[in-house]
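Just so it is clear, none of the values below were taken in a lab; they were calculated from the coordinates. Computed from a predicted structure; not experimentally measured. No Cβ is skipped: glycine too gets one built from the backbone with ideal geometry, and neighbour counts run over all protein chains shown.
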Amino acid sequence: MEKIIRFAQFLSAKAALCSSLAMILIVVLILVEVFLRSLFNTSTMITDEYSAYLYVVLVFFGLGHTLATDGHIRVKVVTFRLPERTRHGLDALVTGAALGLTGFALVFSLSLVKEAHSLRMVSETPSQTPMWIPQSAIPVGLIVFMVQLIAHGATAVSRFLAMRSHR
């Protein structure tokens, strides 16, 4: 189990780095756009589009790291009052449910990317970006998130079982 947790942390950290780079690129794109419009009265014509694509990378690649660092919003008002063993059991169940929902989203996003690729869909902008390229960030980010969910769930189950043996 320790290998799964280390792998999930490694993968989430690398994805978080990509997420951070996406944020930096968004800022650079916007600064370039502002600079070009202010000084040269021209535009890159891609800033809005590519900022949106990079935002998708930022969000989906950051999911795993956010879970690993306990950054997702949780309703702790209720769980705080539960016994520790119950909290770990509930955490394992909720993580399992999240894994199922994420798996569903992954299947859907993979079909979205496959369809965009097979139909050769491109953006309706001057860049004519093949849509499967930015859409690919969604399933990649979801896979990283699922790996982190598996590690998180395994930890929750382990803690739940450890509490049982201490009785």
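Worth pointing out:
- Relative contact order, percent, the chain [alpha-carbon distance under 8 Å, six or more residues apart]: 34 percent
- Inter-part distance where the range 71-91 and the range 104-167 are each reduced to a Cα centre, Å: 25 Å
- Taking amide H as placed 1.01 Å from N in the peptide plane, VAL122 has its amide H under 5 Å from the amide H of MET131, each at least 5 places away in sequence or on another chain.
- For the residues SER19, SER38, SER123, a GNM of the chain with alpha-carbon springs under 10 Å puts the largest fluctuation on SER38.
- Using θ = phi - 60° and Karplus 6.51 cos²θ - 1.76 cosθ + 1.60, couplings along the range 87-96 (whole Hz; Gly, Pro as x): 4, 5, x, 5, 4, 5, 5, 5, 5, x
- Full extension of the chain between GLU84 and VAL32 yields a length gain of 13.5 nm, computed as 0.36 nm times the residue separation minus the alpha carbon distance.
- Expected 222 nm ellipticity per residue - DSSP helices of 4 or more, -39500 (n - 2.57), all of the chain, to 500: -28000 deg cm²/dmol
- Per-peptide average of other Cβ atoms within 10 Å, ordering 66-77, 93-104 highest first: 93-104, 66-77
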